[in-house]
Amino acid sequence: MTYLALLIAYSLAQLALGVWVSRRVKTSSDFFVAGRKLGPGLIFSTTLAANIGAGSTVGATGLGYRDGLAAIWWVLSAGIGSLGLAFWIGPAIRRVAAKHDLKTVGDYLEFRYGVVVRSVIAGLLWVGCVFILAGQLIAIAWILNVIVGIPKGVGCVMGGLMITIYFTAGGLLTSAYVNVVQLTVKLVGFAIALPFALSAVGGWHTVRALQPTADYWNPWSSGASGLVYLAMLGPAFVVAPGLLQKVYGARDDRAVRIGVGLNAFALLWMSNVTLGMDYWSLAAPRFVQGFG
C-alpha cells in the first residue's frame with residue numbers, strides 16, 4: 001500500500017501542476033506552441049524528459065543485458081540526431097513556423113508541400129502513434145501490476161486518463177512544466193538505484209569480469225545491437241514530430257540551440273554510462289529479489 005500511496009501522490013501532484021499551469025493558456029497558440037515563449041531551460045527539460053523514457057532506460061537496459069556494450073548506440077544515436085536538430089533543422093523550422101504562425105508539423109507540411117503530403121504523412125504517423133501509445137500504456141500497466149497488483153487493463157485506463165487530463169489541460173505549456181518534474185524524478189531515481197544495483201552484484205570489478213559472450217564488450221557490434229542503430233534511430237531524433245513541436249514553442253533560435261543542444265550532450269553523456277546500464281541489467285534480478 002505504501003507504493004500505491006506514493007504513485008497516487010505523484011500522479012495527483014502532476015495533475016495539480018498541469019491544472020495550475022493551464023491557467024496561463026488563453027489562446028490556441030498558448031496550447032499548441034506554449035505561446036512561443038519557452039526558454040532554453042524548459043526546452044532542455046522537456047526534450048530530455050521525452051528522450052529518456054522507457055525506451056532509453058528499460059529498453060536500452062534490456063539490450064545491454066542481451067548484447068553488451070554495443071547497446072550504447074541506442075542512446076548515442078539519439079544524441080547525435082539531437083545535435084542535428086539543435087544546430088540545423090530546429091532553428092530553421094522554428095523561424096518558418098513563427099513567421100507563418102504554424103502550430104503543428106502538419107501545418108508545416110501543408111505549407112511547404114501541400115495538403116496531399118500532409119494527409120499521407122498524417123496517416124502514417126497516426127498508425128505509428130497508435131503503436132507507440134499502446135507500448136507506453138502497456139508499460140504503465142506492467143509497472144502498476146508488478147508494484148501494487150493492479151490488473152493490466154485497469155492500469156492502461158489509469159495511465160491513459162492521467163496523460164489525457166494533464167495534457168488537455170494546457171497543451172505544450174503544461175507538458176513542458178510537468179516534464180521538469182518527471183525529469184527530476186527520473187534522474188534522482190536512477191542516481192539512487194544505480195549504486196545499490198552495483199553493490200548487489202559485488203562491485204564493478206565483479207561485473208567487469210563477466211564475459212557472457214565473446215563480443216559482449218565490443219561497442220561496435222554484438223547480437224542485434226551496434227552501429228546499425230545510428231542509421232535506424234539517428235534521423236528520428238532530427239524530424240520526430242513530438243520533438244519538432246517542442247521546438248515550435250521556443251522563443252528564439254538561441255533557445256533551440258542551447259536547450260536542444262544541452263539535451264543532445266546529456267544523451268551523449270548518458271551513452272558513456274551504458275556500462276552502468278549493463279551492470280544494472282545484470283544486477284537487476286538480484287536487486288529486485290532483495291526487496292521480495
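The values are calculated or read from the model by the stated rules, or taken from the named source; none is laboratory data. Keep in mind that what you see is a predicted model, and the values were worked out from it rather than measured. Cβ sites come from the backbone with ideal geometry, for glycine too, and all protein chains shown count toward neighbours.
Here are a few things to note about the model shown:
- Only one of the listed residues (SER11, SER45, SER56) is of a type outside the set (Lys, Arg) and either at pLDDT 85 or above or surrounded by fewer than 14 Cβ atoms within 10 Å (Cβ to Cβ) (or both). That residue is SER45.
- Every residue from segment 185-226 that is under 30 Å from ALA9 (Cβ atoms) and of a type in the set (Lys, Arg): LYS186
- Hits in segment 96-130 - residues which are under 14 Å from GLY242 (Cβ atoms), out of contact with any helix residue (DSSP H, G or I) (no Cβ under 7 Å at 6 or more places or on another chain) and of a type in the set (A, V, I, L, M, F, W, C): TRP126, CYS129
- If you check GLY160, GLY202, GLY171, GLY242 for being in contact with a Leu (Cβ under 8 Å, 6 or more places away or on another chain) and of a type outside the set (A, V, I, L, M), only one passes: GLY160.
- Qualifying residue in segment 164-184 (condition: over 26 Å from VAL33 (Cβ atoms) and touching a residue at least 60 places away in the same chain (Cβ under 8 Å)): no
Residues are listed down the side, and each one gets a yes or a no for (1) in contact (Cβ under 8 Å) with a residue 24 or more places away in the chain; (2) surrounded by 23 or more Cβ atoms within 10 Å (Cβ to Cβ); (3) touching a Lys or Arg at 6+ places or on another chain (Cβ under 9 Å):
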| position | (1), (2), (3) |
| --- | --- |
| PHE32 | yes, no, yes |
| LEU38 | yes, yes, yes |
| VAL75 | yes, yes, no |
| LEU83 | yes, no, no |
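- Only a single item in (1) assigned to a helix (DSSP H, G or I); (2) surrounded by fewer than 17 Cβ atoms within 10 Å (Cβ to Cβ) is not met by LYS26, and it is number (1).
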